[in-house]
Amino acid sequence: MIKIFRLFAFSLLSALPIYSYATVGGPQNIEILGYEANEQKLYLLRHYEDGRGRLPQLYYYQFKNNKHPEKSIEVKSLYINPKTQKIDYDQNGIQFEKDLNKIKKRLTPLTVPNTKTAKIQIIKKTIQHVLSSYDPQEKIPQYTFLYQVVTSHQSSSLQKAISYNQTLQISQNYIIPKQNIKIVVVKYLGIPFEMGYSIEDPVLLLPKK
């Protein structure tokens, strides 16, 4: 009887779809695409490297005639599904890539500064303990950072990051052509699921007033 039960259990597990065991977590990475000089726009992509397979999100910063150039603008027009006429991040990416390549052809790549002068200044850090995703009986520390990124001549607006360790680091650092502006990418452990995954956030540095 025991042998029959084991055989039934094994057959049932074998019948389950493979993706039931697949990893669904993943990091979020920033790709700086480049600068469009005529419109004074800086384009970037946020890539979601998880099991969903959604399209990367396109953003841009607008420097021309903009009172708040530090705020990124989310592009939605490239995600309209031709069948439903609604925004669809899970559709086939062929048309998206074609439209994105048209934008890329207009862009100038950014340059990396000779010296890494940008630094993270922690304004405030708080900690609380939250339930773990892998063990509901265990709690893990969650850190909330309020911070700025600064150089001797530029600074960012106040930024917020929720991390599951105490490390914030600058993973990318660029100079924007013909602008007294820099952009950096701040990386931290922002997704506690599974073994933990990193999140990258773009941060714009404007001239100090």
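The values are calculated or read from the model by the stated rules, or taken from the named source; none is laboratory data. The structure displayed is predicted, hence computed values, not measured ones. Note that each Cβ is placed from the backbone with ideal geometry, even for glycine, and that neighbours are counted across all protein chains shown. These area figures cover heavy atoms from the full protein model, side chains too; ligands, DNA and RNA do not enter into them. Shrake-Rupley method; radii C 1.70, N 1.55, O 1.52, S 1.80 Å.
Longer than 22 Å from Cα to Cα, which of K67/K182; K71/K208; K41/K116; K64/K182; K102/K182; K119/K209 are they? Say none if no pair is.
Violating the 22 Å Cα-Cα cut-off are K41/K116; K102/K182.
By how many degrees, between 0 and 90 and to the nearest 10, does the Cα long axis of helix 94-104 differ from the longest principal axis of the chain?
For helix 94-104, the angle is close to 20 degrees.
Can you list residues whose amide H is under 5 Å from Q154's amide H, if they're 5+ apart or on another chain and H is modeled 1.01 Å from N?
Result for Q154 returns K208.
What do you get for the angle between helix 2-15 and the principal long axis of the chain? Use alpha-carbon atoms, 0 to 90 degrees, nearest ten.
Approximately 30 degrees, to the nearest 10.
Using Cα pairs closer than 8 Å and at least 6 residues apart in sequence, work out the relative contact order for the chain, in percent.
Values: 398 pairs, mean separation 33.7, N = 209.
Once divided by the residue count of the chain, the mean separation gives 16 percent.
Which value at 222 nm does the chain reach when only helices count, each DSSP H run of 4 or more adding -39,500 (n - 2.57), with the total divided by all residues and rounded to the nearest 500 deg cm²/dmol?
Helices in the chain give a 222 nm mean residue ellipticity of -4000 deg cm²/dmol.
Can you spot the aspartates and glutamates whose alpha carbon is less than 13 Å from K187's alpha carbon? Ignore those fewer than 8 places along the same chain.
Within reach: E31, E200, D201.
Run through region 17-106 and list the trypsin sites (Lys or Arg not before Pro) located in a DSSP loop whose Cβ has at most 16 other Cβ atoms within 10 Å.
Filter output for region 17-106: R52, R54, K64, K67, K71, K76, K83, K86, K105, R106.
Rounded to the nearest percent, how much of the accessible area of the chain (1.4 Å probe, protein heavy atoms only) is carbon and sulfur? Display every interim value, and only then the final one.
Working: 7350 of 13460 Å².
That share works out to 55 percent.
Which of the chymotrypsin sites (Phe, Trp or Tyr not before Pro) found in region 102-209 are loop residues per DSSP with 12 or fewer other Cβ atoms within 10 Å of their Cβ?
Those that pass, being in a loop and sparsely packed, are Y134.
Principal axis extents for the chain, Cα atoms only, whole Å, descending order, please.
79, 46, 30
With a probe of 1.4 Å, find how much accessible area the chain has per residue, and write the answer as a whole number in Å².
Result: 64 Å² of accessible area for each residue.
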